[in-house]
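Nothing in this text is a laboratory measurement; each read-out follows from the coordinates by a stated rule. It should be emphasised that the depicted structure is a prediction, and the values quoted were computed from it without experimental measurement. When we count neighbours, we look across all protein chains shown, and the Cβ atoms used for this are built from the backbone with ideal geometry, even at glycine.
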Amino acid sequence: MAQRRRPRRTTVAQRRRIWRTAALGVVGGGAGYAYSFFAGVPAEAPSAGEAVTLILIGVFVGVLAGYAPGVAWRLFLRMVLSLRLALVGRIAGWKVRRLTRKLQRTIEDDESNPEAQHRLAVLEWVTEQRPAAAQRMESCLEADEANPIAAHNLGVMAAQRGENTRALELLRRAERELPASAALETNLACALIQAGEHEEALAAVETGLRLDDGNMNLRQNRAALLARLGRYEGAIHDLEYALTNAPRLPAAHNNLGVIYHAQRDEAASVAQFRLALRYDTTYASAHYNLGVSYTVHNEFAEAAESLARALRYAPAHARAHAELGLAHYGMGQMDQAMAEFRRATELGGSDFEIRYNYGTMLLNEGHIDIALHELDRADQLRPGGADVLINLGLTVYLKGRLPNALTYFRGAVDADDGHAIARYDAALAYDSLQMLAEGEEQLQRAIELNDALAEAHNNLGVVVLVQGLTVESVQHLARAVDLLPTSPLPLSNLGLAYYLEGDADAAERALKRALELDPDLPTARDILGRAYRDKGNMDGAIEQWEKLAQLEPLNPDVHTNLGLAYFKRGRMAEAILCFRKVLQFTPHSPEAHNNLGLAYARNNQLDEAVYHLGRVLDMQPNNPIAHSNYGLALYFKGETEKAVFEWMEVTRLAPAYARTRGMLSRTTAYDESQMVLRPLDKSARVMRFPPRAAPFHHNFEMAWGQVFTLQVPWPDIANAQRWVERGNQLAERVRPLFVV
């Protein structure tokens, strides 16, 4: 029987160490509880649960220290930081609650006390009780309309609620009545920025800087305003000055990155965004801007990673969701893209850029009805924008509503006279409505605005080619080929232009290049087949037209030309099949009956030949060639009397033709002169590029300095706000330690 294993006993030294560390843990936990209780003058004591938690944490750390000192030490450091944050936040909360109750008691004793009401309103605003604070501040201003401090603070509240007109009215009044201060000018500037008054906002910031030249927040705001106004040199100077005094300022690096991007210095832009993230890994705006930069350069995987990080730190960032949707769209992940845009519209449904990009993506994917809805919403949010009018025009163009499309495109041209894509799309709408002169004018203007717009060169080349101006057409089409060397469409048109100009070799080279890029291009197959036939290469023509017949099986002209090529090569069975297909599409065509009848005759199928050649005479009784061929078929069939009658009709109808034919040729050979290729329809064979959508909008995010600071004249409330801000700062410092 196996012996029972004796439990391992701890030594006296080990037991002493455990009890000692446990005791130290209890003491540490009690000390933490006491400190949290007695620091400041609390309005209420910590709960019993909080106290027990502090003590148990101390005991746990103490016991752990006895067995794993390294782990305990790392845990202890994190606990110290988090406890410090908790203690500061608790102290701030006690101070705010104590002051709130004090003010509430004062108001209960004297409801007409405006000073207490004002203080309490400010305190409620600081502690995120925004609706109650705004209502109380309104009451304060109604009770004392001459109070400029109340007007200022109410103006700040209105600005933060987006009520820009009301905010500017109150803040301008406060500016007139209060002593000049940097905080007041900062708040006025920010309200002006929200209202889109950037020049006036810049003037307010300049005034604030004259009062406080060392205010980094004001300098940063001035830099952001200068950048918005396109004054990049001044903005860079302000940001570099700020970084000289505070090299680890993430917002300044972020804004420099945005400015460098606007100056098309992409390497410097990305470097600044990365510096911002080096100094603050949780900086959502820098992650967002870096992601947008990647998206602009089609680096969609990297963009998705950066934007996902931005959303980790700012889950409600609507534009980050939209940009992430564009990154997924670039990677072909439509489901994820749609999900991100739906989330973006939920968070920022009144954001023009989100609605516009969503509608543009849907338009590009062919979801026309939903795209029309989103773009219409975008137009309501920002009426008259050229890009949104272009895309609205394109949606109704694709729905076949050409007059409406032209109205939108002309509106886009009116909104931005220098918008080349608007003029290009308007030209297509004009052409579709057979207003060719207006369409040609718009294409010429589009090329003047943007000579690199290959689609405009191609379409203008097509317009003048249809008019017969082959030299001018070749110039524009060759330019389109230079700009789009991998597109088969302008190459095919260029081949057609060369063919009509009589340069068969140049046409053959261009058409072969087009077919290398797209073997299923009908125009290139047709024109190359014609070029081969003209050069006597009937086998080459047959090869091209056989492939064309597969691409356009319902086109009677294609089957006619292929049948004639077979006929010339003596392949009568295949020619008959082609001509019979033509008769299925055009049963009352004398040309089709003539071709089929002669093919039957050459194939010695005389009954069929007589029938179809007779049908030609039914439709064209005065056609001497038809009488001649019909008579010869009857002659070969043995019906000599009928044949002689038909030849007499030839002499009656066309004596000169009868003499030319002579009796010998009339009785030995059919007249095949009416078996001709179908004419080339230039307008049907040229190919235009379709309308172009306006591009996506990518918006970088400028960071502003501290804004909307309440100008509070009472030290105790200001002190409470300072404690709240201190707690928030500690939270930002501690958060990276706990990010996975």
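Miscellaneous remarks
- Cα gyration tensor shape of the stretch 224-287, rounded if a/c is under 1.5, else prolate or oblate by comparing a/b with b/c: oblate
- Each of 321, 627 was scored by other Cβ atoms within 10 Å of its Cβ. Arranged with the fewest first, they read 321, 627.
- Positive dipole terminus of the stretch 158-246, leading residue within 165, 211, 237 (C-beta point charges): 165
- The ranking of 576, 368 by Cβ neighbour count inside 10 Å, starting from the fewest, reads 368, 576.
- Here 406, 613 are placed in order of increasing Cβ neighbour count within 10 Å, fewest first, which gives 406, 613.
- The distance from the alpha carbon centre of the stretch 125-145 to that of the stretch 598-624 is 100 Å, rounded to a whole number.
- Applying 1/(1 + (r/R0)^6) with R0 = 56 Å to the Cβ-Cβ distance of residue 240 and residue 552 gives a FRET efficiency near 0.30.
- Fully extended contour minus Cα-Cα distance, from residue 651 to residue 142, at 0.36 nm per residue: 171.9 nm
- Prolate/oblate/rounded call for the stretch 340-393, Cα gyration tensor, a/c under 1.5 rounded: oblate
- Full extension of the segment from residue 573 to residue 518, taken as 0.36 nm per residue of separation minus the current Cα-Cα distance, would add 16.7 nm.
- Of 512/581; 535/568; 512/535; 547/581; 399/682; 512/547, those spanning more than 24 Å from alpha-carbon to alpha-carbon: 512/581; 399/682
- Shape of the stretch 472-543, Cα gyration tensor, a/c cut at 1.5: oblate
- Positive minus negative residues near residue 466 (Lys, Arg vs Asp, Glu; Cβ under 13 Å): -1
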